[in-house]
Amino acid sequence: MADLLLIYDGRNSLFRIGARQAARVSDGIRFIPWQASITQEFFQAQFGDHLFAFVLINPEADRVHAGGETVRHLLRERGAPRSVATVLEHIYQIIGDPFGRVVHGRAPADIDGTFPIDENARPHVKAIQRECSLGSCHN
């Protein structure tokens, strides 16, 4: 089973610390900062832009979850009840923009949903997997 790849904003030191701690206890999830060049290349190939977004890549299912869908799929992957995952996804949709502006200095991209991994993005997913397997996913 391939690891899930969670792309988050690594500029904030609290988020970096949180990602490192979560990585120690989260089997099957790799945490990759949005600022990493391999991440930016993936976004360019997948969405046609260097978006700022919370994204979960599932290489095995050949899917990319963005925005609230990231929250829902991540929680469901961890065994949260469907109703809880759905509620938290809706909360993310409501507070995502204001939270992004206050904490990250910009609103996340207006993308939400599940998408197939684009053919042009597959090599970048492989590059992220290779780099993560070498233990250099975080900054």
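At a glance:
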{"read-out": "Residue that is surrounded by the fewest Cβ atoms within 10 Å (Cβ to Cβ), among those in region 77-87 that are in a helix (DSSP H, G or I) and modelled with pLDDT of 70 or more", "value": "S83"}
{"read-out": "Residue check for L74: crowded, with 17+ Cβ neighbours inside 10 Å, in contact with a strand residue (DSSP E or B) (Cβ under 7 Å, 6 or more places away or on another chain), modelled with pLDDT of 75 or more and not in a helix (DSSP H, G or I)", "value": "no"}
{"read-out": "Which listed residue, of A36, A45, is surrounded by 14 or more Cβ atoms within 10 Å (Cβ to Cβ), at pLDDT 90 or above and closer than 19 Å to A127 by Cβ", "value": "A45"}
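The values are calculated or read from the model by the stated rules, or taken from the named source; none is laboratory data. Worth saying up front: this structure is predicted, and the values here are computed from it rather than measured. All Cβ positions, even for glycine, are placed from backbone atoms using ideal geometry, and neighbour counts span all protein chains on display.
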